[in-house]
Amino acid sequence: MLKVDNEFIEQLKVGKDFNASACLNCGSCTALCPLDIELLPRRLFRYVLMGAKKKVLENTNSIYSCMLCKMCEDNCPAEVHIVENVRSLRSYINRNVYRLEKDSPVKKSRSKINHANTYK
Amino acid sequence: MPIPINDTLGIFADNIRIRKSVLPIAERKVTDWTKGLKIPAGGDTILYTGQMYQLVPIINSMSHQMAKYENSWITKYFGIGRWLNRFINLSAFMAHSDPIEQAAYDGKLRNITLLLRSAGIEFGYLYEKDFYSGALAYDEGLDQAVETQANLVYQTLKSANVKRLITVDPHTTKMMRTVFPKIIPEFNIKVQSYLEVLADRKIKPLKQIDLDVTIHDSCIYARHEGMIEPPRLLLRQIGIRIQEAELSGKITQCCGGPLESLFPTKATNIAKKRIVELSDCAGEIVTMCPLCMANLKRVSPGRKITIRDISDYLVQSYCPTTSKNPGKGKKID
Amino acid sequence: MDKHDLSQNKQPKILVFSTNNISDVGIDLAGSSHMDYPTTVQVLAVPCSSGINPVWILHALETGFDGVFIAADGGDCPYVPNCTERTAKIVEQAQQLFGAKYDARRVKMGAICSVCSESFVNLIKQFSKALAELSQSPGKSPEEEH
Amino acid sequence: MTKRRLGVFICQCGGNISDFVDTEQLRQSIEKNSLVMVAQVNMFTCSDAGQQNIITEIINKNLDGIVVASCSPKLHLNTFRAVTRRAGLNEYQYVHVNLREQCSWAHTHDKKAATEKGLRLIRAGIAKVSLANSLEKLRVKTLPHALVIGAGVAGLRAALALSDIGVGVHLVEKNHHAGGMVLQWGKMFPNDKKGSYVIKHLLNEIHRRENITLFTNAELLEKTGHIGDFSVKVRLGNNDTISLKVGSIIVATGFDTYIPQSGEYGYGLTGVITLSEYEELLASSMETLQYNGKEIKTVTYIYCVGSRENTKTDKPHLYCSRYCCSATSHAAKCTSEMNPDIRQFHLFRDVRTYGKYEQLYEKARNNGSIFLRFDEKSPPQVKEEKGRLIVRVKDILTGGEEIEIDSDLVVLVTGMVPRENAGLVNILKLPVGKDGFFNEIHTKLRPVETVIDGVFICGTSQGPKNLAESVTSAMAAVSKTGALLLKGYVDLEPFVAKVNADLCTWCGNCAKACPYSAIEQTIFNGKQVAIVSPVLCKGEGACVPTCPKQAIDLEGYTNRQIESMIDALAKEVINEKTDA
C-alpha cells in the first residue's frame, strides 16, 4: 500500500519544480537509459507524482546514479524535464533527508533555482 | 558498503562554502598553465577555465582513492571525514596529482590560448579569481552551495568589468550560460565556448592533416547546449575525416563521468561500454571535455586506441609552428 | 422416416434464407472475400426473417434440399425488435410441420450481421457437416457421433 | 395468363464472373427455356451500351419481364430498375440475380459446380419474374411541417435549421423550460462559454422565428397517419390538447445521467458527488473551491461510472458514454485554472478524449493532473475513515501497486443512460436497441433514419454523444427531413402485404403479429376479413407466417413466387439438358 503523502508533494513542489505529470508512460526513457536502471525515470517519477515518499526514498541510489546525460529527455514525447526533475529530487533529499544545507538562508522558502524552468 | 552519498555530498557542500570549490586546489595549480603566455590580467573578454582542466588530474587521483573505498570498511568513517574536512582540506591530503598528467591537461589550456590568438582575439585571464563554477554541486542538487558560488563568481566578474566570457569546457559553459542567469536574473555576460568562438571567427587553417577521427560528443555540449556543429566544422576544415559513431551528435552516449564521485564502479562500466562503441569506428577518438577524456582514458589501457583533446588537433593546423610550441605540453598519450 | 440419403461424395444441398438489408450483405462479403463454401449452398433473400413462412421450409425439404438455414439479423433487425424470437418460433412451427418425416435438425437458424462473413461460412460448414452425418445415420444427433 | 416473354442478360463483369462461371454455357442452357425470348452475355451489363442493349431488346422483342444476372443487387438494383422504366416496362418486372458475390467470387475453385449453381440461381430468377406483378410505387403527399420532440440542444438546433430551409416546426418539450441538459452545464470546450449562455442564444433565435412554435410542458399523446402526412395530438401545459398535421417527426429526447447506486464507489458519503454536481460546484465557485464549507485540496475522479460495465445493475451499460473523459479533462483544466495547487487524481480505465478533445487531456496532464489506470476487475474502493475520504486503487501503470489517496472530494464520472420513454416508444413504434437507446436503420449508412418512414432520430436519444456530435446528427435529421418534405411528395416501395379476401376468415393473427398496426379488420362480401394499409406496412412480412389459411402474401415475395424459386433452386442441372 502506497499512501499519497500530501506534505511530500508540497515540499517537492510537484507540478512546479518537479513536473512530470505530462508523462504518458510510454517507457522511452527507460529504454534509452544507458544505466539500464529499470526504475529510472518512468516509475520513479510516477512514485513522486503520487506522493509515494517511502518508495522514492527507497530509491535514493537510483536518484543519485542518474548521469543527467539527457538522452531520455531529448526523446521524451511528452517533453518532461527529466533532468531537472532528477536534480530537484536530489535537492529535496539534500535538504530534507540529509539536511546538508540546513544552514541555508533559503531553508524556509524554496530555492531560487526554478528547476522546472531551467531549460524552458 | 557503497560510498555514502550523504557524507560525500556534505564534503562537497562544505568545500564550496568554505573553500569555493568542490575539490579545492592550490591557487598555484589553477594558474600554473599560464606560465610564459603573458596573458593580461582582466579585461572585457576573459578566458574562463572554471578550473575544470586543472581539476581533472586531482579528480583522477581522488577517484582512484574512492574506488578503493567503495565497498570497503572505510566508508563507515565518511561521517568523521566530513566533520574533519570542515577544518582541514581533506582533498588536498588525499589527492596528489601526477605532475606529468597535470602538465598535459595544462597543455590543453595553452593550446586554446594559442588558437584564440591565431583567430585574432584579444582576451585576458582572471588568474587566482578564475573560480570553479559549481557544476558538480549543481548536478548533485546542492542548490544552496550553487547559489553561493554563483554569487561569488558573478560579483567577481562584475567588479572586474567583464563583458564576455570564453569558456573551455562544456560544464562551465552550461553553468555560466544557462544556469547562472536563472539564479541571478541580472546576469548579462555573454558566454561562448572557445570552439564556437573559433568557428564564428572563421579561423583559417595553415596546414592540412590527413587523419580519421571519431568524435565523442559531450552530453552537455550536444544535448544540453545544442553545440554539435562547431567542433565538426573546425576539424573538417583542416582535412580531418570525421567518422560518426552509431551514437553521436544529438544522441551521443554518456562517458560515465558524472558517476565518478559516488559510483566509481558504475562509471567504469559505462565508460567501457562507450569506448567499445567508439572503437568500432575507424580512427583516433577526439573529446572536447576534460572529464570525458579522463573517464574514457581510464578504461583505455590495453586497448589499441588514441584519445586526444580536440585542441591538440586544432593547434597543429591553425597555429604557426614555433620552436617552443607551448601547446604541446607534455605528451600524455 | 427421414428419406434424405447422401452418397459419400455428395455435398448436402442447403437452402439459405437471408435478409435483404443485413445478412445477405454479410453473405455477399463472404463472396467478396473469396471465402469458399460448398456450391450446393444457395441463398434466397427476403426482407426479414420474421416473414419466412414455415410452409416454405417444409417445401424446400420436400423438393430435395437436405437442410434449410435461416440467416437471421439477430439484434440488428431494423423492422421488429423481437425478430430473433419471432424467427425462432417460425423454426419451431416448421419442425412441427416436419412431423416424423424429417429430422428437426434439418432446419437451423443463426444470426448473421452485415459483416459476419466468417461466421456465416463457419456456421454453414458446420451445418453441412451435421447434415452429412445425419444422412448417414438418421436418428442420431451429429454431436453424439464424436 | 398468356405465356411470358422474358429476356435474360448475363454479365461477365469483365472476368469477375466469367473467369469462374461459364457464362456462355449458362446462356445456352437458359436459351432453351420456352419463356426466354432473349438470352445474352455482356462484358459489362451496367455500361451505357449494356443498358441501351437491354432497352432495345425489351422494345424489339416485346419483352414483358427481364432477369439481370450480374453483381449483388446492393450495387445495381436501382440502375436496372431505371433501365426497365426507360424501356416502358414496369420496373417490378425485373429481377436481379446475384451471380458475382454469391456465386463466382464465392466458388473460385470449381468452375463446373459454380456454373451449375449459377444456372439454378438464374432459373430461380426466371421463376420469380414469371410470377411478378406489375406494381406502382406508392406516391404520398408531404406537408412542409415537422414535429420536433425535445427542445434540448439537438432539438433547438434542428428547429432552427428546419426553419432556415422553409419547413415549419412544432417544437414540443416535456419540461417547463427548453434547453435540456446543456442548460445546467458550466464552461464548455473550446471557448469556455457556459451552457446557459449557449441555450439563451438559441432560444432568442427560436423566439424570433415565425415558423417555429415552441410548446413547453407539453407531451405527444397520439400519432396517426403516415410519412408525409402525420396527425399528432399534443397535450399542452394547461392540459389542453392540440391537434397538428406534420410531414415528419424528429425525435431528440436526449439522455438521462446515470445515478450511482447507494454505496457504489462510496456514493452517499459526504464529499462523493457526480461529475455534473462537481461542474455546478465549479461554476458557482469564484476563487477557492469549497465543499460543505471546507476548502478542497485534493480531488479524485473515478471514470466510467455507469459506462462500459456489466456488474452493477440488471441493466448493463456496456457502451462508452463518449463525452465523459473529455468533460472531466475540461473540469480538471477549469479546476487548475482556479487554483493550480489543487491536487487532481484521475482514476481511469481508458482515456477516450478523441479528436480535438485530446488537447484537453494534454492540458490536464500538463497542468499536473495525475492519471492512474485501474482494471475493471479491481475497481477503486472509496471509504470514509476518521472523517476523511480514502480512495484505494491498484494502479496498472505502477505495476499494480495499491495506492491510497486521502481526498477531500471524490467525483464520480457518470455516463449516459437511455431516457425512460416507454410512452413515446409506444406511440411512435420506435425501435429500441439492446442498450435502450433508439435504433437507426444503419449506424453508418442511414444514421438518423428509423424503420418508421418519416420518423428520424438524433442527438443522445440514439446513443451517447458529445454536444458537437448531437448537433451534427440533428443537422443530418434536418437534411433528411428537408429532402423528404420540400419535394411535396414521396414514393414508397410497393412491397407490402396483401390479403386474399376469398381465403381470409379473420382470425386476427396477422393484425397481432404486425409491429406497425398496419392491419385492420374490414368487411368483404359480407364476411370479416383483414385489410392492410399499404402506407403503414413496412413490408417485413411478419404477418405471413401467422396465417393459417395462407391468405396473406407479401408483394415481391408471394408464397407462389418463393415456392417456385425453391423448386428452381432444387432442380438438378444434370437432368435438365433440354429445358432449362
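What follows is calculated from the coordinates using simple rules that are stated; it is not laboratory data. This structure is a prediction, so every number in the text was calculated from the model and none was measured. Methodologically, a virtual Cβ is constructed for each residue, glycine included, from the backbone with ideal geometry; neighbour enumeration extends over all protein chains shown.
Among the residues of B:57-69, the average count of other protein chain beta-carbon atoms within 10 Å of the residue beta-carbon is 0. Between D:K434 and D:R209, the FRET efficiency estimated from the beta carbon spacing at R0 = 41 angstrom works out to 0.60.
Can you give the angle from 0 to 90° between the axis of helix D:275-284 and the longest principal axis of chain D, with both taken from C-alpha atoms, to the nearest 10? Tilt of helix D:275-284: around 50 degrees. Within a straight-line Cα-Cα reach of under 13 Å, B:K35 can be paired with the following aspartates and glutamates, leaving aside sequence neighbours fewer than 8 residues apart in one chain: B:D106. Mean partner shielding of peptide A:87-94, defined as the number of other chain Cβ atoms within 10 Å of each residue Cβ, is 5.
Karplus-based coupling profile of region B:167-173, in residue order and whole Hz: 9, 10, 9, x, 5, 5, 4, with θ = phi - 60° in 6.51 cos²θ - 1.76 cosθ + 1.60 and x standing for Gly or Pro. Under 5 Å from the amide H of D:H346 lie the amide H atoms of D:Y301, D:I370, D:F371, D:L372, each residue being 5 or more positions distant or on a separate chain, with H modelled from the backbone and absent for Pro and chain starts.
Once backbone amide H atoms are built at 1.01 Å from N, D:G65 has D:R5, D:G7 as its partners under 5 Å, excluding neighbours fewer than 5 places away on the same chain.
Distance between the C-alpha centres of region D:496-526 and region C:56-78: 25 Å, rounded to the whole angstrom. Cross-link pairs exceeding 23 Å between alpha carbons, from the set A:K54/D:K394; A:K70/D:K356; A:K16/A:K70: A:K70/D:K356.
With a simple spin-label model that places each label point 7 Å from the Cα along the Cα-to-Cβ direction, the separation between D:H109 and A:K16 comes to 7.2 nm. Could you check the simple spin-label distance between A:E7 and B:E229, using points 7 Å along Cα→Cβ, in nm with one decimal? Each label point lies 7 Å from its Cα, and together they span 5.3 nm.
Modelled label-to-label distance, D:E384 and B:H96, 7 Å Cα→beta-carbon offset: nm? Placing both labels 7 Å along Cα→Cβ, they lie 7.5 nm apart. With the cut-off at under 18 Å, measuring from each backbone N in region D:491-509 to a point 7 Å along the Cα-to-Cβ line of D:R560 picks out D:495-504. Within a straight-line Cα-Cα reach of under 13 Å, D:K377 can be paired with the following aspartates and glutamates, leaving aside sequence neighbours fewer than 8 residues apart in one chain: D:E309, D:D395.
Shown for chain C: cysteine residues without a partner Cβ closer than 4.7 Å, namely C:C48.
Hey, how many Å between the Cα centroid of region B:185-221 and the Cα centroid of region D:11-79? Each part's Cα centre sits 81 Å from the other's. The phi-based Karplus calculation (6.51 cos²θ - 1.76 cosθ + 1.60; θ = phi - 60°) puts the 3J(HN,Hα) values of region B:244-259 at 8, 5, 4, 9, 8, x, 4, 10, 4, 9, 5, 7, x, x, x, 8 Hz, whole numbers, x for Gly and Pro. Residues whose amide H comes within less than 5 Å of that of B:A41, counting only those at least five positions distant or on another chain, are B:Y125 (H built at 1.01 Å from N in the peptide plane). One Cα centroid belongs to region B:38-62, the other to region D:297-368; the line between them spans 56 Å.
Please say if the protein assembly as shown is rounded, prolate or oblate, where rounded means a/c under 1.5 for a ≥ b ≥ c the square roots of the C-alpha gyration tensor eigenvalues, and otherwise the choice is prolate for a/b larger than b/c and oblate otherwise?
Numbers: a/c = 2.96, a/b = 2.15, b/c = 1.38.
Because a/c hits 1.5 or more and a/b exceeds b/c, the protein assembly as shown counts as prolate.
For the pair B:K272 and B:L152 in one chain, pulling the backbone fully straight at 0.36 nm per residue adds 39.4 nm over the alpha carbon distance. FRET efficiency for the D:K200 to D:T2 pair, using the beta carbon distance and R₀ = 60 Å, is estimated at 0.25.
If you plug the beta carbon distance of D:K193 and D:Q359 into 1/(1 + (r/R0)^6) with R0 = 25 Å, you get a FRET efficiency near 0.90. Along the axis of the charge dipole computed for the protein assembly as shown (Cβ charges of +1 for Lys and Arg, -1 for Asp and Glu, origin at the Cα centre), the listed residues C:C77, D:L131, B:Y53 are led at the positive end by B:Y53. The magnitude of the dipole of region B:1-97, with charges of +1 and -1 set on the Cβ of Lys/Arg and Asp/Glu and taken from the Cα centre, is near 180 debye. 3J(HN,Hα) couplings calculated from phi for region B:43-58 with the Karplus curve 6.51 cos²θ - 1.76 cosθ + 1.60 (θ = phi - 60°) are, in sequence order, x, 5, 9, 10, 7, 10, 8, x, 6, 5, 4, 5, 6, 3, x, 6 Hz; Gly and Pro show x. Think of the protein assembly as shown as a dipole: +1 on every Lys or Arg Cβ, -1 on every Asp or Glu Cβ, centred on the Cα centre; then among B:H171, D:V455, D:I30, B:H171 lies furthest on the positive end.
GNM on chain C, C-alpha springs below 10 Å: top fluctuator among C:T19, C:T40, C:T63? For chain C, modelled as a Gaussian network with Cα springs under 10 Å, the answer is C:T63.
Between rounded, prolate and oblate, where does region D:77-153 land on the alpha carbon gyration tensor, with a ≥ b ≥ c its root eigenvalues, rounded for a/c under 1.5, else prolate if a/b exceeds b/c?
Numbers: a/c = 3.75, a/b = 1.81, b/c = 2.07.
Oblate shape, in that a/c is at least 1.5 and b/c is the bigger or equal ratio.
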